[in-house]
Amino acid sequence: MAIYAIGDIQGCLDPFRRLLDRISFDPRTDRLWLAGDLVNRGPDSLALLRLVRGLGDAAQIVLGNHDLFLLAVAEHIAALRHKDTIHNILDANDRDELIAWLRRQPLHHREGSFLMVHAGLLPQWTIDEAIGLAREVETVLAGPNYRLFLQSLFHGPSPQWDPSLTGSERLVSIARVFTRLRTCTPTGEMSGFSGPPDQAPAGYFPWFRIHNRKQTDATIICGHWAALGLHIEPNLLAIDSGCVWGKELTAVRLHDRQVFQVTGIQRASR
C-alpha cells in the first residue's frame with residue numbers, strides 16, 4: 001500500500017486523472033490524501049467532486065478555502081464571482097448529496113508523523129492544540145448550525161487569532177488559519193499576502209519560517225500557496241504547484257517522498 005499526498009486540484013479533472021495514471025493508483029490498495037481546494041477555477045469541479053466522493057475510504061481530504069466558498073454559495077450566503085467555476089455543482093441533480101458530504105469533511109488529518117491541513121498553522125500552536133481547534137470548527141460545520149458559521153465566516157469580522165476569542169469570532173479565526181494562512185508575524189498575526197515568499201510584507205514571514213514554531217514534531221502537508229510552489233523540507237511538504245494556473249499537479253509518495261508531477265491546465269492569464 002502507498003499513500004500519495006496531492007496538492008490543490010481545483011476542478012482540474014484531466015490533470016488529476018493523468019496523475020493517477022502516473023502513480024498507477026489502485027484504490028483497492030493505495031490511498032490519496034488531498035490537501036484541500038478540490039473545486040473552483042478549473043473546468044470540471046462537478047466531475048472531480050463526484051470522482052473523489054466515489055473513492056470512499058481510498059481518499060482522505062481536508063477542506064480548503066474554495067471548498068468552504070462552495071458551501072457558502074450553496075446556502076446563498078456568498079455570491080458567485082466571474083472567475084468561479086462551480087456553477088455545474090450548484091445545478092447538478094446530486095448537489096445536495098455532494099454538499100452534505102463536503103461539509104462533513106475535516107480541516108485536518110493526522111496519521112503517524114504526518115498532519116495534513118490546507119494552508120498552515122500558527123507558530124504558537126502545538127500539533128495537539130491545532131487538532132483540538134480544528135475539531136471545534138469541524139463539529140459546527142457538520143452540525144445543524146453550520147449556516148450560522150458560514151454566515152460569520154463570509155460576512156462577519158475576521159479577527160486575528162487570540163485564545164480568549166469565543167463564539168463565532170473564535171471559529172472564524174480558526175478557519176482562516178487552516179484555510180488561508182501563508183505569511184504571519186512571529187506572534188501569529190496573519191496577512192492577506194499571496195505572492196512569492198521573497199516579496200512578503202515587512203515583518204511577515206512564511207508561517208513555516210517562524211523561528212521556534214511549535215510543530216517541528218510532525219511533518220506538515222499543505223497546499224494553498226501556488227506562488228510558493230512545490231516546497232519540501234524535513235518537516236514540511238508544501239504541494240500546491242499551481243495546476244490551475246498552467247503549472248503542475250503534484251503527488252508526493254509519503255513513505256519515500258518521491259515526487260510525481262503532470263502538467264496542469266492551460267490558461268491565458270490568472
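Could you sort the peptides 37-49, 143-155 by per-residue average Cβ neighbour count (10 Å cutoff), highest mean leading?
37-49, 143-155
Kindly provide the helix-only [θ] at 222 nm of the chain, computed as the sum of -39,500 (n - 2.57) over DSSP H runs of four or more divided by all residues, to the nearest 500 deg cm²/dmol?
Calculated at 222 nm, the ellipticity per residue is -9000 deg cm²/dmol.
Under DSSP H, which helices of the chain have Cα atoms covering 20 Å or more of the helix axis and a Kyte-Doolittle average no less than 0.5?
127-141
Out of the DSSP beta bridges found with both residues in the stretch 3-263, what percent are antiparallel (nearest 5)?
60
Please list 3J(HN,Hα) in residue order for the stretch 217-229, calculated via the Karplus relation 6.51 cos²θ - 1.76 cosθ + 1.60 where θ = phi - 60°; whole Hz, with x for glycine and proline.
8, 9, 8, 8, 9, 8, x, 6, 10, 4, 5, 6, x
What shape does the stretch 160-231 have by the C-alpha gyration tensor, where a ≥ b ≥ c are the square roots of the eigenvalues, rounded means a/c under 1.5, and otherwise prolate means a/b greater than b/c and oblate the rest?
prolate
Report the Cα centroid-to-centroid distance between the stretch 204-270 and the stretch 103-117 in angstrom, as an integer.
Taking the Cα centre of each part, the stretch 204-270 and the stretch 103-117 sit 16 Å apart.
Specify which residue in the list 191, 210, 245 is farthest towards the positive end of the charge dipole of the chain, using unit charges on the beta carbon of Lys, Arg (+1) and Asp, Glu (-1), about the Cα centre.
Sorting the options by dipole projection puts first 245.
Classify the stretch 1-130 from the C-alpha gyration tensor, please: rounded if a/c falls under 1.5, else prolate or oblate depending on whether a/b exceeds b/c.
Verdict is oblate for the stretch 1-130.
Every number in this text was worked out from the coordinates using simple rules, so none of it is lab data. These numbers were taken from a predicted model, which means no experiment stands behind them. Glycine also receives a Cβ, built like all others from the backbone with ideal geometry; neighbour counts cover every protein chain displayed.
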